[in-house]
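The values are calculated or read from the model by the stated rules, or taken from the named source; none is laboratory data. Just so it is clear, the structure is predicted and the values come from calculations on it, not from any experiment. Please note: Cβ atoms are built from the backbone with ideal geometry, for glycine as well, and neighbour counts cover all protein chains shown. Quick note on the areas: whole protein, heavy atoms, side chains included, nothing else; ligands and nucleic acids left out. Shrake-Rupley method; radii C 1.70, N 1.55, O 1.52, S 1.80 Å.
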Amino acid sequence: MAAKYTLIGKPMPMTDAKSKVTGQGLYTDDISVPGMLVGRILHSPHAHALIRRIDTARAAALPGVKAVVTGLDAPKPYGILPVGHDEQVLQSGKARYIGDNIAAVAATSAEIAEHALSLIEVDYEVLPAFFDPRESMKAAAGWIHDTKPNNIEKEYHHHFGNVDEGFAQAQFVREESYYAGEVTHAAMEPHSTLAIWEPDQRMTVYSSTQVPYYLHRTLSDVCEMPMSQIRVIKPLIGGGFGGKSEIIPLEVAAAVLAKKAKRPVKITYTREEVFYAHRGRPITYVDLKVGLTREGKITAVAARVVQDGGAYCGYGPVTVLYSGALLGAIYDIPNVKYDGFRVLTNKPACGAMRGHGTVNVRFAFEAMLDALAHDAGIDPVDVRRRNLLNAPCITVNGLRVTSYGLPECIERATEHAGWNDKKGKLPRGRGIGMACSHYVSGAANPIVRSNIPHTTVNIKVDRDASITVFTGAAEIGQGSDTMHVQLTAEVLGVRPDRVHLVVADTDLTPIDLGSYSSRVTFMAGNACIAAAKNMREQILAGVAKKLGCEASELDLREEQLFVKGESAARMNFDQAIAAALEFQGGLVARGTYQPPETARGGKFKGAGVGPSPSYSYSAQVAEVSVDVETGRVTVESIVAAHDCGRALNPLTVEGQIEGSVYMGLGQALQEEMIWENGRLMNPTLLEYRIPSTLETPEIESIIIESIDPEGPFGAKEAGEGSLAATIPAIANAIYDAVGVRINSLPITPEKVLAALQEKQKRERAAATNMSGNGGGGAR
């Protein structure tokens with residue numbers, strides 16, 4: 001780390017760590033206010049049904065019930081994307097999945113609220129339902145939404161270069177089909193919202209959200225109240241991973257109930273309700289074709305992707321576009337064809353989950369690249385080396401790559417894992433595999449197209465020389481609060497404990513678009529640096545007037561003000577602020593960030609998704625053991641090298657890498673939402689099996705610093721890019737161990753055992769044929 005930095009690159013504990021471990025920090029469900037009511041939501045028992053009648057009279061008459069609402073109380077549709085306003089907070093015409101929201105009550109106790117739900121009478125007309133996206137997209141009638149023919153939410157068809165020519169140039173061509181089961185975030189904290197109706201007819205909403213600004217907009221729209229009359233505050237969040245990055249029905253339901261009851265209303269989901277609210281990673285079918293030359297160069301890629309989007313749009317178009325766009329920006333691929341379909345089914349809506357849109361297709365691609373390497377007789381590591389980008393560059397689909405640490409990631413990960421000593425040399429049942437992945441450092445284009453900055457940070461220095469940073473960025477456990485403190489203290493030359501934060505409060509903080517697509521470090525970080533530099537200039541300008549010199553002659557560092565060239569400080573920071581205030585009056589600074597136009601992507605349909613100011617890169621090596629008698633896979637170790645630009649805080653970067661690998665491990669081997677006719681069969685954390693500490697292997701995190709030219713002090717994303725490589729690294733290691741490829745996630749013991757048995761059948765049949773031919777002969 002360069003000596004010129006005092007705090008950047010140094011491990012720093014999270015600013016909210018003490019409040020969390022002592023129990024002093026408040027999550028939404030911890031907050032209580034006088035007169036608060038308990039809200040509950042009535043959910044549909046049917047996957048697809050017309051709602052003929054809703055009778056709430058008996059529920060409304062129950063003593064202790066203060067409000068009952070239906071879709072008639074909030075008829076305006078909403079959605080996270082401008083093209084997808086297809087949800088009502090409470091459905092008035094049709095239920096589209098088991099668990100869809102029909103009515104809500106607010107009562108003086110949870111018991112009364114639950115009883116009131118049982119008194120609501122709903123007359124349903126059950127309709128034929130669609131559960132398989134491949135069948136749903138063939139539907140000629142009875143569509144889930146009348147405006148979506150064939151139940152296709154969106155489809156995109158992109159062709160860059162000429163794939164036919166590319167495949168003609170290849171000596172090795174593979175076509176395979178892959179399947180990824182549906183997985184969900186499994187955050188520790190359930191969704192929770194407290195809506196407070198204030199005496200002055202305003203509303204204050206506390207919610208466990210990753211997107212306070214978009215929640216603010218949606219509440220204003222659905223509740224038909226000016227944004228100026230609504231305040232949204234994000235308390236501590238117990239995990240998001242994308243599951244809280246769009247508007248969840250309880251957030252709006254609590255507000256609608258509070259408005260009607262004229263009382264505060266809190267709704268906290270049960271764990272089963274969290275599973276049905278969902279917004280996780282969709283079931284994905286991938287048909288993939290890749291061509292490779294004898295020398296190991298990729299000539300063409302063709303992918304057809306069908307995603308099960310569930311009953312509503314949500315982030316759907318973005319998800320399916322990411323799947324295609326991020327085929328690029330990792331390897332040098334001259335010809336790419338992509339056909340993506342986001343299909344509606346009668347299940348809960350899918351959405352953004354860590355590594356949004358990229359994970360399932362990356363599993364398919366990296367597994368196929370491993371297979372092609374074996375076809376060509378080339379080491380899988382060498383195949384990747386031979387297809388590296390020559391950055392900085394623009395990819396064939398218009399993605400701008402500014403910094404590219406993948407080559408070093410590959411070298412460091414394989415070296416630390418002992419690849420050359422182990423690949424193909426381990427005993428049967430033990431194997432090693434590798435894979436790569438990447439991700440955006442924020443979306444270059446906002447969800448709602450506008451010219452407002454993607455983020456704004458304000459800084460104020462008071463008479464007591466305390467520094468307050470005002471940011472709308474949502475801390476969700478990824479360390480964004482700590483990042484703001486670290487950057488501000490570095491630029492102003494002060495201790496971190498002098499910096500205080502006011503975060504994610506729409507009455508007090510400027511707009512930030514939210515914590516999604518790994519955007520906060522890059523975007524809010526740049527805005528924070530801009531604000532801190534502006535503040536530094538104001539302070540030095542004021543002190544210069546006091547000292548009768550030029551501001552350029554002064555320096556702030558280590559809580560002292562120096563005249564350049566002098567070893568002794570002229571004054572401490574407190575004195576510098578007092579001097580600056582004499583001449584400046586007030587010290588308030590602002591910084592903003594917008595991605596450059598060159599990072600915004602092309603002009604074709606769907607080009608807005610995929611472009612980013614910068615991309616992170618990861619290479620991973622997994623070592624596994626496979627029990628050939630049971631099919632059980634044990635991951636012994638994972639080495640993950642991640643290019644994060646510059647590690648502002650190595651402590652949090654390592655934590656993010658480990659968290660990504662952990663979630664990839666779960667999806668690879670055991671996590672899956674199991675559906676039966678639209679009903680979730682494992683809606684608890686007992687049955688939905690996230691990895692325990694006993695199943696989590698040793699994870700070695702290696703930080704690679706490529707120093708991005710546009711990132712804050714050279715930093716870029718660290719929280720999502722490592723997840724996608726974990727899954728194919730494990731799959732490829734299984735092949736190395738026992739010689740079978742599993743193209744379906746999760747890779748369960750049953751699938752491994754079935755593949756081993758099928759392999760044995762083929763080997764016996766081949767041996768029989770050889771024996772029948774006399775053991776030899778011409779081919």
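Things to note:
- Calculated from the alpha-carbon coordinates, the chain shows an Rg and a Dmax of 27.8, 102 Å respectively.
- Contact order, relative form, for segment 15-91: 15 percent (alpha carbon pairs under 8 Å, 6 or more residues apart, mean separation divided by residue count).
- Segment 67-128 shape via C-alpha gyration tensor axes, a/c threshold 1.5: oblate
- The chain - share of DSSP beta bridges that are antiparallel (%, nearest 5): 75
- Computed over segment 238-369, the quotient of the alpha carbon radius of gyration and 2.2 N^0.38 Å is 1.36.
- Isotropically averaged projected area of segment 421-529, using the convex hull of Cα atoms (one quarter of hull area), nm²: 11.4
- As a fraction of the 1.4 Å probe accessible area of segment 238-320, surface on carbon and sulfur atoms comes out at 57 percent.
- Rolling a 1.4 angstrom probe over segment 37-78 with all protein chains present gives an accessible area of which 57% lies on carbon and sulfur atoms.
- Relative contact order of the chain, defined on C-alpha pairs under 8 angstrom at six or more residues apart (%): 15
- Between segment 5-72 and segment 76-113, the alpha-carbon center distance in angstrom: 14
- For the chain, adding -39500 (n - 2.57) for each run of n ≥ 4 DSSP H residues and dividing by the number of residues yields -9000 deg cm²/dmol at 222 nm.
- Taking all protein chains into account, the per residue accessible area for segment 651-779 stands at 45 Å² (1.4 Å probe).
- Shape of segment 717-767, Cα gyration tensor, a/c cut at 1.5: prolate
- Per residue solvent-accessible surface (Å²) - segment 496-564, probe of 1.4 Å: 38
- Sequence-separation-based contact order of segment 629-741, relative, with Cα cut under 8 Å and 6+ spacing, percent: 44
- All-pairs alpha carbon distance profile, segment 215-296, 10 Å steps from 0, percent: 13, 36, 24, 10, 9, 6, 2, 0
- With K and R counted +1 and D and E -1, the other residues having a Cβ less than 11 Å from that of Ser245 yield a net charge of +3.
- Accessible surface area normalised per residue over segment 119-175 is 57 Å², counting heavy atoms of protein chains with a 1.4 Å rolling probe.
- Take 370-377, 12-19, 433-440 and order them by the average number of nearby Cβ atoms within 10 Å per residue, most first; the result is 433-440, 370-377, 12-19.
- Carbon and sulfur %, accessible surface of segment 354-412 computed with the full protein complex present, 1.4 Å: 47
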